[in-house]
1. Does region A:330-343 contain at least one residue that is touching a strand residue (DSSP E or B) at 6+ places or on another chain (Cβ under 7 Å) and either under 22 Å from A:E390 (Cβ atoms) or buried (at least 16 other Cβ atoms within 10 Å of the Cβ) (or both)?
2. Quick one: A:G247 ticks every box in (1) part of a helix (DSSP H, G or I); (2) surrounded by fewer than 17 Cβ atoms within 10 Å (Cβ to Cβ) bar one, so which box is it?
3. Given (1) buried (at least 18 other Cβ atoms within 10 Å of the Cβ); (2) within 16 Å of RNA strand B (Cβ to nearest atom), identify the lone condition not met by A:K161.
4. Restricting the search to region A:36-47, which residues are assigned to a helix (DSSP H, G or I) and touching a Lys or Arg at 6+ places or on another chain (Cβ under 9 Å)?
5. Pick from A:I319, A:I338, A:I287: which is aliphatic (A, V, I, L, M), more than 10 Å from RNA strand B (Cβ to nearest atom) and closer than 27 Å to A:I451 by Cβ?
6. Does region A:20-29 contain any residue that is in a loop (DSSP other than H, G, I, E, B), free of Cβ contacts under 8 Å to residues at least 60 places away in the same chain and surrounded by fewer than 19 Cβ atoms within 10 Å (Cβ to Cβ)?
7. Under 6 Å by Cβ, and 6 or more places apart or on different chains, what pairs join a residue from region A:195-217 that is assigned by TED's automatic domain parsing to the domain that holds A:F65 with one that is of a type in the set (S, T, Y) and more than 15 Å from RNA strand B (Cβ to nearest atom)?
Amino acid sequence: MSSLALYDTLTRTTSPFVPLKKGEVGIYLCGATVQAPPHIGHVRSGVNFDILRRWLTKSGYNVTFIRNVTDIDDKILHKAVHEEMPWWAVAMKYERAFTDAYDALNVLPPTYEPRATGHVTQMIELMQTLIEKGAAYAPGNGDVYLEVRKLSSYLTLSRQKLDDLQPAADADETYKKDPRDFALWKAAKPGDPSWPTPWGPGRPGWHLECSAMAHSYLGEAFDIHGGGLDLIFPHHENEIAQSEAAGYAFAKRWLHNAWVTASGEKMSKSLGNSLQVHELLKTVRGIELRWYLGSAHYRSMLEFSHEALAESATAFKRIEGFLIRSVEILGVQPTPTISQTFTDAMNDDLAVPTALASISEALRTGNTAITAGDKPVIASAANEIRGALEVLGCDPFDPAFAGAGASEDLNSALDGVIQLALAQRTAARERKDFAASDQIRDGLAALGITIEDTAQGPRWSITGNGSK
RNA sequence: GGUCGGAUGGCCGAGAGGCGAGGCAAGGGACUGCAAAUCCCUCUACACGGGUUCAAAUCCCGUUCCGACCUCCA
């Protein structure tokens, strides 16, 4: 038996995962700033950490998974002006877009999904603690800053030196003790939303909210903090700074997912528009997009191309096709089981690509067994494959992906109609009237129904793309 | 300037001292009335130059190129 080992950005090594509390895992994942529709880079993070969560759950842990929503920030306020909507309506609109995207990709809803605006009280408490401890200061302009020079462990995650940092171009140094001090809280500007605080009305700084929410739901110390690679600095450094200065042990381990790249570069805003989740879902199903996003190792860059996505979908359909045929032959859905090779791969810092190789092997075994009519082998291969797909969130029998399906009555009626046509075709084939036989097959194909002749007789499936 | 990644076959994508990961595409074959599906075979790659070693895609040194972060970022 292997046991789970995970990489830790803090130590830059892979080490055995030991939870703070036996059988329990607390995870905090930095979620979206809801100011635009999600592109695949955003949901890759969601998918990667969903796979981690599912594997931990499968391994027997009780997982508390917190993923926040940043529903107030500069960009949202700008967008509100641009879209001529209240800022809160903008935030809600895009929060829904993210939720829809997560749902389409079968990303499990977090245990709790806190919004920044709902945790101002906790943020004020945290700032009070920080000021009392002398780590933060309110210079009187309504801002509250964290004094980074006082922190010995600042920048340990990104391994930088404070003096090497380029000072922010837009830093207002009038009130800061050091240009690198960052804002915990921002004073209200005219027309902007604000919340009252002991230091004047204002709104949350980005970093503060995550520290406050992680503390609220996971306590002073928790197991895993996740996010995209680009959050290491400044966001996660600043979260550590705030939380440790407040006296919390904070995250024990840091996991960061790599980007989706296009032409070698991190997805930019302009590219992001064409790679929005809802656009891509016009070309592939959610389960196929998820398969694609999950198939690379979470710490590797994933070079996006429409061709690669299409190929990935083809590969997935082959696996799915085997499972469907296995149900037709065995009459029951496979019972998910986890093989040792899959376990070993996943326990090795979620080596999904290696795990996928074990699926390919089982697939070949299973398909060969179908040809041979070897039901026990078909069953064991199908069980193993379904077990793996379940962990990867790509189980075709998962009700999450069955949503748009027709009712049982309708399916039953449709099957009856097609069987009538197939009986005609079989009769035509028996009298060697292949013209008539092919006419029926072509006719069904035009309706998006594919006919395949197998050793067990003809089978049909809806593959779409029928001519209109 | 500082910090951190990367370069693997037609394409995607693992591996991290010794047994050709895997997938997709392509070609050939089996099966089939044809097709589809499936199976089998073929396609022996690790940016470059040195070095260490019995053995290097993997370790070391150097070089080139690409990318990320440095207070908006998944």
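1. Initially, region A:330-343 is screened for residues touching a strand residue (DSSP E or B) at 6+ places or on another chain (Cβ under 7 Å), giving none.
Within region A:330-343, none of the residues are touching a strand residue (DSSP E or B) at 6+ places or on another chain (Cβ under 7 Å) and either under 22 Å from A:E390 (Cβ atoms) or buried (at least 16 other Cβ atoms within 10 Å of the Cβ) (or both).
2. Status for A:G247: all satisfied but (1).
3. In the conditions (1) buried (at least 18 other Cβ atoms within 10 Å of the Cβ); (2) within 16 Å of RNA strand B (Cβ to nearest atom), A:K161 misses (1) alone.
4. We begin by selecting, within region A:36-47, every residue assigned to a helix (DSSP H, G or I); these are A:40-47.
Scanning region A:36-47 gives A:G41, A:V43, A:G46, A:V47.
5. Working: A:I319 fails: more than 10 Å from RNA strand B (Cβ to nearest atom); A:I338 fails: closer than 27 Å to A:I451 by Cβ.
Result of the check over A:I319, A:I338, A:I287: A:I287.
6. Applying the first criterion (in a loop (DSSP other than H, G, I, E, B)) to region A:20-29 yields A:20, A:22-23.
With free of Cβ contacts under 8 Å to residues at least 60 places away in the same chain added as a condition, the list becomes A:22-23.
Okay, now just the ones that are also surrounded by fewer than 19 Cβ atoms within 10 Å (Cβ to Cβ), so A:22-23.
Among the residues of region A:20-29, at least one is in a loop (DSSP other than H, G, I, E, B), free of Cβ contacts under 8 Å to residues at least 60 places away in the same chain and surrounded by fewer than 19 Cβ atoms within 10 Å (Cβ to Cβ), which makes the answer yes.
7. Cβ pairs passing all conditions: A:P201/A:S194; A:G202/A:S194; A:R203/A:S194; A:S211/A:S243; A:Y217/A:Y112.
The values are calculated or read from the model by the stated rules, or taken from the named source; none is laboratory data. Everything quoted here is computed from the prediction, not taken from an experiment. A quick note on method: Cβ atoms are made from the backbone with ideal geometry, for glycine too, and the neighbour counts reach across all protein chains shown.
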